1. Beyond a 25 Å Cα-Cα separation, which of these cross-linked pairs lie in this structure: LYS96/LYS508; LYS493/LYS525; LYS493/LYS514?
2. Karplus couplings for region 83-94 from phi (6.51 cos²θ - 1.76 cosθ + 1.60, θ = phi - 60°), rounded to Hz, Gly and Pro as x?
3. Sort the following peptides by mean Cβ neighbour count (other Cβ atoms within 10 Å, averaged over residues), highest first: 186-196, 165-175.
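Computed from the coordinates by the stated procedures, all read-outs in this text should not be read as laboratory data. Because the structure is predicted, anything quoted here is derived from the model rather than measured. Positions of Cβ are generated from backbone atoms using ideal geometry, with glycine treated the same way; all protein chains shown enter the neighbour counts.
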Amino acid sequence: MLKRAPYLLYFFIAFITIMVMRPAFFSYVLQGELVNPDSYMRLVRIQEAFDHHEWFTSMVSRNESGSGTLIYWSHLVDAFILALSLPLKFLIGCQKALFWAAALYGPVCVGLLGAFSAWAIKPLVSRAWLWIVPLGIALSPSIINYGHIGIATHHLTILLFTVIAWGFVGRAYLQECPLYAWGAGIASGLAIWVSPEATPFCLMGFGTFVIASICQPSNALVRSMKFYGAGFIGLITVALFLDPPYQGMLSAQLDRISFTFLILAALIYAYAFIPYILLRLQAPLGKRVVWMCAGALFGMSIWLSLFPAYLHGLSGLMTPEQAKEFFITTEMAPIANFIDLMTYGFAGIASVAVLCALSFRQKNSPYPYLLWYVSICSALCTLLAFMHIRFAMYSSAISMITMACVLSLFTRAPTQKWDRTIRLAALLCFLILPNLVGDVDAAFSLGVQSSTERREKDVQRSCRLEDARMLLYSIPGRTVLADVNIGPALLYKTDINIVGAFYHAGIKGYMKQKAAWGASDSVAKPSEIVASGADYILICPEPPIRKNHPSEKEQTHPTLLERLSTGEVPSWLSVVPHSVGTDWVLYQIR
C-alpha cells in the first residue's frame, strides 16, 4: 500500500491542478451545461442505447434530419463514462450521474495521465522529481484544452494508453522482462480501440524493440517482441467481439477498431520471427540492419496495400470539398502563428533539442542508440503538432517527461555552477513559458476589446441552452436548423431532430446545414432549405454567432443567417411565440 500511495498523490496533483486551471467552467457545469459538443454527443449515444436497448450501436438516429448518422467512435470511452457514473447513480439518479461523469471525465483522465506518466518514467528519474511530471501534464496548454471540467472526449484517453504502452516498453527493455512487453501490446491495443489515430504512436513504442534487436540482440528482446504481438492480437480480438463495427466484425474500417488492425497485429507478431532467426544464425550487424529494415518495409507495404486509405486518414473518407470544410476546426488546424508556436510547439522543440544533447552526452552509455531513437520520435510528434494542433499533447507529454529527466540528471550529477541554471532553464522552457505566453495573449485579447464587443458578450449570455430547451419542448420529433455548435446539446436536451452535426461520418448533414444557413434567396423558399428537411429554424440573433459561423465566408449576397441576425425575416418564415426573458427566436418554415 505504501508503494501505491505516491501514485495516488500524483493523481491528485494532476487532478486538482487541472480543476483549478479553468475556474470559469465550474459555474458553467453547475448550470447543467457541458463545454464541448462531442461530450453531448457521447451522452446522446448512451441515451439512445438505453432507450432502444441496442448497446453496441453507433447510430445517432436524430441527426441528419432524422435519417440517422453513424458516429464511429468506439464504445470504450462510453463504457468508462458509464463506469464513472456508477458511484453517483444511487445518490443523484442515473441521468444526473451520467452528466457529472461526462463533466468529470476530462479531469479524471488528466489525473490518471499524471500518475501513469510518473510511473512510466520512474526507472529513469529520482523520486524527488517525479511530482513535476503530473504537475507539468496538468499545466500543459494542449492537455488543458481536452482535460478541463465539462469536456469528455477520446483524445486524452488515447494519450493515457499510449503513455502506459511506452512505460511498459521501457520496462521490458530495461528489466529484460517480456511480460512487460505483453502489457505494452495490450495497452497499444486499448489505445487503438479508443481511436486508430493512436496507431503511429503505438508503432513508435514497438520500434524500440526493433532498434534494440538490431543493436543489441538478445533472447529477452526476441521474446519481448513476440509477447508484444501476442498482447496486441489478443486485445484487438477481444475488442472486435465486444465492440464490432456497424457493418460487422470482418469489415475493414480505418476510423474505428476493425479487422484492419487485427491484420496489423498479426503482421507485428510475424515480424518477431525475423530477429529470432537472425539471432540463431548469429548474423552480423550489417545483415541485421538489412533484414530488419526490409522486413519492416515489407510488412507495412502489405498492410498499406490492403488498406491504402489509411495513408489519407479521415480526408480519404470524404470528397475534397467536404474535407476542406471538415479540417477548418482549431484542433485540426496547423500551428499558424507565433502564439501557437510558443503555446503548443515550443515545449516539443525544446524536448527534441534536450534529447539530442543528452544523446551526445550519454554516448558512452549502454544504450545511446535508444536516446537517438527517442529524439527522433519526439521530433515526429512535434512535427505532427505543427500539422494538427491536437497532436501537440503527445509532444507535451514527452516534454514533461524530458523535463523530469533533466532535473533528475542534474540533481544526481556532481554539483557544478551551471547545474542550477540548467534546472531553471528546463522549468522555464517546459513548464512556465508555454502557459505564460498563452495567458498573456488571452489577457491582451481581453484588454483590447472594444466596449461594443464586451456588451455583445454580455448580451450573448441571455441565449441559454435551457431557454432553448423550453422553446423546443412543444415540437418533439420535428427537424430544427440551428447553429452547428449547439446541435449535439439540443439532441441531448430535447426530442427534436437536427439537420447536421460536425462529424466526418455525418458530413453530408453538416454540408446541408451549412448550405441552408448560406442561402441567399429571400423571396421564395430556397432550395437549400428544402434539401435540409428542416421544419423550424432556431437562432440567437447576435453578432458573435454570426461572425463565428462557418457559413459566413465569401458571400456576395446577404445570407439567411445575416438576414435573421439583423431581424430581417423572409416571407416564408413565421415567428413562433416564445417565453419572455430569452433572446432565442424560433421560426417555422412555411
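1. On the way: LYS96/LYS508 33 Å; LYS493/LYS525 29 Å; LYS493/LYS514 22 Å.
Long pairs (Cα-Cα over 25 Å): LYS96/LYS508; LYS493/LYS525.
2. 5, 5, 7, 4, x, 8, 4, 7, 9, 10, x, 5
3. Working: 186-196: 26.1, 165-175: 23.2.
Final packing ranking: 186-196, 165-175.
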